[in-house]
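**Student:** This is the structure, below, for whatever I ask next.
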Amino acid sequence: MKKEDSKIVIIGLGYLATYIMPCYKKLLGKNIGTNLIGIKGSERGLKEKQQICPFPVVVGNVWEHLNEREPDIIILAVKPNQIADMTEQTLVPYYQKLRDEKKKLPDLYSFAPDPSVDYFYDTLGSDVNAANMIPNMVSDIEGYDVSQVGVSFVAFDPRRIWPEENKRAALEFMTPTGTVLMVDGDKAIPFLACQCACHLMFEFNYIAQDVQAEIGRNMSLAESASAYRSVFREIFNESCVNVLPCSQGAAEKKLLEFMEMLMKSWYNGVLKFAGSENIPRDAAHRLICGTMETYQMEAQLEKKETLVQNTKNHATPGGFLEMCLITFHKRGYDYITGELKNWLVGKKDPNAEMTIEEIAYDVARSISEHGKTVSGVKKK
């Protein structure tokens, strides 16, 4: 079967499932209107979705649509706390029905980090190809294509040996959203925690701006983010960063030294957390660097009002980013602000690097521990 002939059913056509539209278009091409259907959970926003989606969008009746379409791929993108009900009440009997009829079982792409992919192995059966997929959420900034700077990842349960063709297709499906990495299923939540901990690049810029303003120097977000990016080149300098130029600009030497220390220490702290979770170093390095770089690019190009609103949009109550921000403001914001002020007047804390590494580690750890609870599914 040609890849564009694949049939797909999306269960949960919310923001995330709509955001990955380039993935559907790349896979299906001109067949997107006939081979794909999106199912919403309610009438809310139905007309808007129907206007922007080049495929049918319906409400409810998941069982009926699965049986009618017999998809090759099921995209599961409901809220994490709805996954267990959808899986156990609808998907379990659907997969069993297919087995009874000796029909091909569809691959399952779940777009929530929790429950992790081992839940689907244990619940749906060892013969189901299931994966957790987490897309890079920044692909275009003010007309700059930065999709390949950030990282998307696909998590597989090592107990399930996928057919190579299906595994390759799962990884290729995500390529429009970013540089794709592959991780084991039990690493999905800590991996996402590393990614989320790097969202705080916005806050690093706010701190630089505020401290500069206190001493009578105006520094725009574009200037601070460009400077942060320039001192980060020693750690991360892949060709993808060249899509947007950066420079140290007029930033004074002491400020640049602090920026370099802050970026390096934050990187090291999050990398240390990744190591504690046995995440392969190469994968962790690429994820952390790409995410820090992407958010600094966003800060370089956007107004503060836009960044603040973007953070509000993504920091959903009870979610990963909310926990990230809570922990950082409790543990790190004041320390980093005070330490920058000290550096500018020559009063360095000799333990600053170690302290900031510890803060970064704690932020990532708190996100990860919280992330393991969001679906409500208890681990066996």
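The values are calculated or read from the model by the stated rules, or taken from the named source; none is laboratory data. The structure displayed is predicted, hence computed values, not measured ones. Glycine also receives a Cβ, built like all others from the backbone with ideal geometry; neighbour counts cover every protein chain displayed. Side chains included, ligands, DNA and RNA excluded: accessible areas come from the protein's heavy atoms. Shrake-Rupley method; radii C 1.70, N 1.55, O 1.52, S 1.80 Å.
**Student:** Just need a number here: residues in the range 303-327 that are surrounded by fewer than 14 Cβ atoms within 10 Å (Cβ to Cβ), within 17 Å of the chain's Cα centre (by Cα) and in contact (Cβ under 8 Å) with a residue 12 or more places away in the chain.
**Tutor:** 1
**Student:** Something else about it: Can you pull out every residue in the range 203-251 that is within 20 Å of GLN148 (Cα to Cα), in a helix (DSSP H, G or I) and either of a type in the set (Phe, Trp, Tyr) or out of contact with any Phe, Trp or Tyr (no Cβ under 7 Å at 6 or more places or on another chain) (or both)? Give the derivation first.
**Tutor:** In the first step, residues of the range 203-251 are kept if they are within 20 Å of GLN148 (Cα to Cα); the result is 225-226, 228-230, 232-246.
Next cut, in a helix (DSSP H, G or I) only: 225-226, 228-230, 239-243.
Matches in the range 203-251: ALA225, SER226, TYR228, ARG229, SER230, SER239, CYS240, VAL241, ASN242.
**Student:** Here is a list: ILE279, ILE288. Which entry is open to solvent by less than 20 Å² (accessible area, probe 1.4 Å) and in a loop (DSSP other than H, G, I, E, B)? Working first, answer last.
**Tutor:** Values: ILE288 fails: in a loop (DSSP other than H, G, I, E, B).
That would be ILE279, the only listed residue that is open to solvent by less than 20 Å² (accessible area, probe 1.4 Å) and in a loop (DSSP other than H, G, I, E, B).
**Student:** With the checklist (1) at positive phi; (2) touching a Lys or Arg at 6+ places or on another chain (Cβ under 6 Å) in hand, flag the one item ASN35 doesn't pass.
**Tutor:** Among (1) at positive phi; (2) touching a Lys or Arg at 6+ places or on another chain (Cβ under 6 Å), the lone unmet condition for ASN35 is (1).
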